[in-house]
Every structure is written in C-alpha cells, then in structure tokens.
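Quick notes on the structure that follows.
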C-alpha cells in the first residue's frame, strides 16, 4: 500500500515536481477510490498528474479527450459496421437462422472499444484520464456522472458489462464553463495555479538536464514577469519548458533582447499578446535583470 509520505518522492522520481497539496490530493484519491477533478490554467501540469499516477501504479493510462459535441457513442463503443457487412457477405450462403447470424456479428471481435468501455473492461485497474471535461456538453457530463456512479455499461445487443476493476479517474478542466454541482460532489478537488519562482526553476532544471544555471534563472524570472502582463493566453509551465529546451538546443548561456525577440513565438501564441510583450520588452528585461548583450568595440 502506498503511503502519503511516499507520494511526493514517487512523483518526483517520475519527473513531476509536486507540493504537499498535490501529494495529499493524489493520496486521498487513491485511498478513497474517488475521481480527482483537477482545474487550473492551461499548461500547469494537470494532465501530467494522470500520466505520473499511471507510472506510480505501474498500470495503463486510458485517455478520453473531451470536445464540444462528444457523445456516448464516441466515448463508449461503436460497432465495426464495415467488418460486420463483410462478414455477412462472406457468410450469406451459410445455413442458419437470422437470429444465429445476428449473434455472430455482435461478438467482441466486431466491437470497437472507446475509452470508457476500455477502462471498464480492463484486465487490471487502469488510470482513466478524462481530459478537458469542461469542453464537453452538459448532456455528456450527465451521462458521464451515471457511468462514474455505477461503473457499468449496457450494450443493447449483448447485455450489461460491470467493471471488474474500478479505474482511478482523473478529470481535468480549464474552467471554460461551469461544471455541475453533481459532478463536483462526486469528485475530490484540486486547483493548480502557475508555479512560484522556486518551483518553476526546480521544474526547469529537473526537466532540462544540463541547462546552464544562469540561463535557467533568466528564463524563470522572465516567465514570472510575463505572467503579470494582461495577456489573452498566459503562457504556462509547458511553454517555459519548450523555451528552455529551445534555448538549450541553441547552446545559449544567456538571454538578451535579440534572443527573446527571435524565440518569442515559443512562449507567446497570440498576435496581440506578442505585440504587448514586444512593447513591454525593455521593462521586462529590466525587472528580470536581462540586458542587451554589449558588442565588443
């Protein structure tokens, strides 16, 4: 059995820089076998928690990516109609009743399992990641709530399937719409914000081995100040890491104005935000101790 004091170490060993709140939420979710709803800005590591939990539990990660218009069919199962038709064509001259032929085409070999059915029928306890649940419709959220409560699915052609192993569920959301109180009551809750300076610096040095110490400090300081601007799309830790990898790949050991301007598209993904950062660049550089590199005379 995994102990609370082991969670942070195990997550760190799998590349996730945790904190007491995250470790406690993960631990309680495991112990109580309750879904964990993780909300926060984009790019702060919500999805990564599910990936790390799968590694910690040494099990499979099954991911359901939510989007507007997602329905039960695409989340549960579909029949392989092309294969069914081909089978009927091949066996059309075989003897047997219509009922007997019908049974043959509704077997497991013709069933396309989507993430929810795959999780329920898994041979061991998986981690089920329901990513960006707030992008789905309210109707799908209600359907999902029923599945999370009963952990069984009825397929009209074959019958009811009940989970042998209840999945460990992680739901993520970016608060693009309000989730229902019923879903929230069903879950434990964790909010992850942008990391502070020390945590972000630790993440950069952990995820980008061998990065120059001065460069790591400059990147982290600059990103902390960029997030203070009123941007449409605030860059998260994922953008910080992309930038750190990019600058390390260029074998740089410092930040200067030219480097920032030429690589700004790695961290800023909106043209209005790009213009705002460019207009604020001198002030940002002054606050973070980044100065134009002096050319030798």
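Bear in mind these aren't lab numbers, they're just calculated from the coordinates by the rules spelled out. Since we're looking at a predicted model, the values are computed, not measured. Note: ideal-geometry Cβ built from the backbone for every residue, glycine included; neighbour counts use all protein chains shown.
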(message) Over the chain, what is the relative contact order in percent, taking alpha-carbon pairs closer than 8 angstrom and at least six residues apart?
(response) 22 percent
(message) Given contacts defined as C-alpha pairs under 8 Å and at least six residues apart, what's the relative contact order of segment 197-287, whole-number percent?
(response) 33 percent
(message) Report the gain in length on full extension from residue 152 to residue 13: 0.36 nm times residue separation, minus Cα-Cα distance, nm rounded to one decimal.
(response) 46.6 nm
(message) Highest mean first, how do 205-215, 53-63, 259-269 rank when packing is the count of other Cβ atoms within 10 Å averaged over residues?
(response) 53-63, 259-269, 205-215
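Could you give the semi-axes, largest first, of the ellipsoid that matches the chain, computed as the square roots of 5 times the alpha carbon gyration tensor eigenvalues and rounded to whole Å?
One finds semi-axes of 47, 22, 18 Å for the chain.
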(message) Need one number: % antiparallel among DSSP beta bridges in the chain, to the nearest 5.
(response) 30 percent
(request) Please quote Rg/Rh for segment 197-287 to two decimal places, taking the Kirkwood radius as Rh and restricting both calculations to Cα atoms. (result) 0.92
(request) Calculate, in nm to one decimal, what residue 275 and residue 176 gain on full extension: separation in residues at 0.36 nm each, minus their alpha carbon distance. (result) 33.1 nm
(request) Return the calculated 222 nm mean residue ellipticity for the chain, to the nearest 500 deg cm²/dmol, obtained by summing -39500 (n - 2.57) across DSSP H runs with n ≥ 4 and dividing by the residue count. (result) -14000 deg cm²/dmol
